[in-house]
Amino acid sequence: MMDGDALHPALAVLIGFLVLSGVGLNVSAAVGLHRFPDVLTRMHAASKPSMLGVVCALIAAALALGGIDAAMKLALVAGLQLVTTPTGSHMVGRAVWKDRSEVHPDTEVY
Amino acid sequence: MMPSVIALGALGLTVAAALCILHIVKARSFADRLVATDLLLTIIVTGFALSAIATRTTTLLPLAVVTALIGFVGTTTAAKFIETRGM
């Protein structure tokens, strides 16, 4: 932790860019939740951008806090998200695919 | 510059969380609700990262770890429940 001293301007710009792109990706995921027709496409819209968005925000936090202890904790959160979000989405997708009544007729699954 | 970026980010996350909650209310099936809840928990983790940037302290980071873990356990358990019992 840097105890309140000012960040380097270039670092502040980088942090701002990462925060805003992370938040923007999360907002796009939430909008996709409303715009897509069925559970499988909504899951596609929700899980991928939100994962990239949360990792962007966590990298920004690691740069802003600037210590190895904070960076390790944030790396743990990022690793956990990167492993668990695909696993959870895969399980939801398999559960939905078993009972296909919810799948929109235009949805193509490869 | 930094406070306005944090404020804009907080506003965006609020909008995203509100959209998620609206979808949880409006969803037709349990799996739909599950996807929205998973996204809501991811947004909460992003909010913890944002608050760590705003306050420049590491106090809330363990909460982010716990929230990520709860999201995983909850989603997989509920998905297993849907698989065995149907939607």
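Per residue of peptide A:6-12, the mean number of Cβ atoms on other chains within 10 Å of the residue Cβ is 1. Just to be sure I understand the curve: with the Debye formula and one point per C-alpha of the range B:7-87, what is log10 I(q)/I(0) at q = 0.11, 0.17, 0.19, 0.20 Å⁻¹? Summing over Cα pairs of the range B:7-87 leads to -0.35, -0.73, -0.85, -0.91.
In the protein assembly as shown, taking the dipole from charged Cβ atoms about the Cα centre, the farthest positive-side position among A:Leu65, A:Pro49, A:Gly93 is held by A:Gly93. Magnitude of the charge dipole for the protein assembly as shown, about its Cα centre and with charges confined to Cβ atoms of Lys, Arg (+1) and Asp, Glu (-1), is about 400 debye.
Note on A:95-107: average number of Cβ atoms from other chains within 10 Å of each residue's Cβ is 3.
With a Förster radius of 45 Å applied to the C-beta separation of A:Val103 and B:Leu60, the computed FRET efficiency comes to 0.70.
Suppose every K and R has +1 on its Cβ and every D and E has -1 on its Cβ; what is the size of the dipole of chain B about the Cα centre, in Debye to the nearest 20?
120
Assuming R0 = 45 Å, what is the FRET efficiency of B:Val25 and A:Val13, from their Cβ-Cβ distance, to the nearest 0.05?
0.70
Give the angle, between 0 and 90 degrees and rounded to the nearest 10, that separates the Cα long axis of helix A:39-65 from the longest principal axis of the Cα atoms of chain A. For A:39-65 against chain A, the angle is about 10 degrees.
Using only side-chain charges placed at the Cβ, +1 for Lys and Arg and -1 for Asp and Glu, the dipole size of chain A relative to its Cα centre rounds to 260 debye. Relative contact order of the range B:2-85, taken over Cα pairs closer than 8 Å and 6 or more residues apart, is 28 percent. Summarising the label geometry, the points placed 7 Å from Cα in the beta-carbon direction at A:Thr87 and B:Ala18 lie 3.5 nm from one another. Rounded, prolate or oblate: which fits the protein assembly as shown when a ≥ b ≥ c are the square roots of the eigenvalues of the alpha-carbon gyration tensor, with rounded for a/c under 1.5 and prolate only if a/b beats b/c? Because a/c hits 1.5 or more and a/b exceeds b/c, the protein assembly as shown counts as prolate.
Using C-alpha pairs below 8 Å separated by at least 6 residues, the relative contact order for the range A:10-97 is 33 percent.
Kirkwood hydrodynamic radius of the range A:10-97, from the reciprocal of the average inverse Cα-Cα distance over all distinct pairs: 13.9 Å.
With the helix formula -39500 (n - 2.57) applied to DSSP H stretches of n ≥ 4, chain A reaches a computed 222 nm mean residue ellipticity of -28000 deg cm²/dmol.
Extending 7 Å from the Cα toward the beta-carbon at both A:Ala75 and A:Lys48 defines two label points whose distance is 2.8 nm.
The numbers here are math on the coordinates, done by the rules we state, and not lab data. As the structure is a prediction and not an experimental result, all values here were calculated from the model. Neighbour counts are summed over all protein chains in view; Cβ atoms, including those assigned to glycine, are modelled from backbone coordinates with ideal geometry.
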